[in-house]
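Scroll down for the structure; my scribbles are underneath it.
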Amino acid sequence: MQRLVLASGNAGKLREFREILGSEGFELIAQGELGIADPEETGLSFVENALLKARHASEASGLPALADDSGLCVDALGGAPGLYSARYAGEHGDHPANIAKLLRELDGRDGSQRDAFFISVIALIRHPLDPAPLIAEGRWHGRILPAPRGSGGFGYDPAFLDPASGLSAAELAPAEKHRDSHRGRAVAALLSQLGAVPGG
């Protein structure tokens with residue numbers, strides 16, 4: 001069992017990562033359990049922020065660290081909420097307010113103008129100065145619903161329509177969501193890379 005620090009204070013992310021990686025031989029420790037606070041996310045891309053968070057957690061803990069930077073991108077809004085998905089409405093992590101603002105921004109738009117995708121970029125570093133971190137990306141394309149549906153998941157899940165199932169991300173069973181979601185796809189890509197690394 002390999003111990004990794006999860007560089008996130010997001011309870012929803014921690015739950016999903018534990019569900020996805022628990023059977024893959026990893027023990028995930030939330031950085032908060034080690035007294036590690038979130039760093040300021042100053043990157044200009046999901047990749048930069050994922051690396052910044054992973055290095056911060058590894059440096060503070062002395063352990064390998066896994067970080068995910070993710071968000072929702074809406075083409076018609078120039079990629080917003082994007083990097084600011086968690087604080088789109090102002091306060092960090094106010095999911096209902098973020099969804100309400102998103103739906104207001106898309107009011108009166110339909111069809112392809114509601115196209116969107118979730119993106120997850122995962123960075124895995126073995127130590128703070130790791131010069132060759134593993135980076136994996138996953139995207140989940142769908143559409144923004146006119147009103148929230150479902151009570152599962154977290155974040156923007158109730159407002160995101162999965163075209164394959166016709167359900168919102170919040171209506172999918174966890175196993176279905178993990179198979180198709182941006183985070184599930186990014187983890188699968190990461191595991192594929194680890195399988196190709198000697199000793200990984």
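The values are calculated or read from the model by the stated rules, or taken from the named source; none is laboratory data. Worth saying up front: this structure is predicted, and the values here are computed from it rather than measured. Neighbour counts are summed over all protein chains in view; Cβ atoms, including those assigned to glycine, are modelled from backbone coordinates with ideal geometry.
Summary table below
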quantity: Where Ala54 falls short, out of the listed (1) part of a loop (DSSP other than H, G, I, E, B); (2) at pLDDT 95 or above; calculated: (1)
quantity: Any hit, region 68-75, residues being under 30 Å from Asp107 (Cβ atoms), among the polar types (S, T, N, Q) and in a helix (DSSP H, G or I); calculated: no
quantity: Enumeration of residues in region 76-90 that are touching a strand residue (DSSP E or B) at 6+ places or on another chain (Cβ under 7 Å) and either in a strand (DSSP E or B) or modelled with pLDDT under 95 (or both); calculated: Pro81
quantity: Tally of residues being in a loop (DSSP other than H, G, I, E, B), modelled with pLDDT of 95 or more and within 25 Å of Ile135 (Cβ to Cβ) across region 91-125; calculated: 0
quantity: Region 46-75, residues that are surrounded by 21 or more Cβ atoms within 10 Å (Cβ to Cβ) and polar (S, T, N, Q); calculated: Asn49, Ser58, Ser70
quantity: Qualifying residue in region 145-153 (condition: assigned to a strand (DSSP E or B) and in contact with a strand residue (DSSP E or B) (Cβ under 8 Å, 6 or more places away or on another chain)); calculated: no
quantity: Test: residue in region 144-162 that is touching a Lys or Arg at 6+ places or on another chain (Cβ under 7 Å), at pLDDT 95 or above and surrounded by fewer than 21 Cβ atoms within 10 Å (Cβ to Cβ); calculated: yes
quantity: Odd one out for Ala170 among (1) more than 26 Å from Arg3 (Cα to Cα); (2) small (Gly, Ala, Ser); (3) buried (at least 22 other Cβ atoms within 10 Å of the Cβ); calculated: (3)
quantity: Test: Gly111 is without any contact (Cβ under 8 Å) to a residue 40 or more places away in the chain and surrounded by fewer than 19 Cβ atoms within 10 Å (Cβ to Cβ); calculated: yes
quantity: Those residues of region 173-200 which are surrounded by 21 or more Cβ atoms within 10 Å (Cβ to Cβ) and in a loop (DSSP other than H, G, I, E, B), in sequence order; calculated: Ser181
quantity: Meets criteria (at negative phi, surrounded by fewer than 16 Cβ atoms within 10 Å (Cβ to Cβ) and in contact (Cβ under 8 Å) with a residue 60 or more places away in the chain) for Glu27; calculated: no
quantity: Residues of region 103-141 that turn out to be of a type outside the set (A, V, I, L, M), under 25 Å from Asp162 (Cβ atoms) and touching an Asp or Glu at 6+ places or on another chain (Cβ under 6 Å), as a count; calculated: 2
quantity: Failed item, numbered, when Val121 is tested on (1) out of contact with any helix residue (DSSP H, G or I) (no Cβ under 6 Å at 6 or more places or on another chain); (2) on the phi < 0 side of the Ramachandran plot; (3) of a type outside the set (D, E, K, R); calculated: (1)
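For every residue, the table says whether it meets (1) of a type in the set (A, V, I, L, M); (2) closer than 15 Å to Ile119 by Cα; (3) in contact (Cβ under 8 Å) with a residue 40 or more places away in the chain.
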position: Ile135; (1), (2), (3): yes, yes, yes
position: Arg139; (1), (2), (3): no, yes, yes
position: Gly152; (1), (2), (3): no, no, no
position: Tyr156; (1), (2), (3): no, yes, yes
position: Glu171; (1), (2), (3): no, no, no
position: His182; (1), (2), (3): no, yes, yes
position: Arg185; (1), (2), (3): no, yes, yes
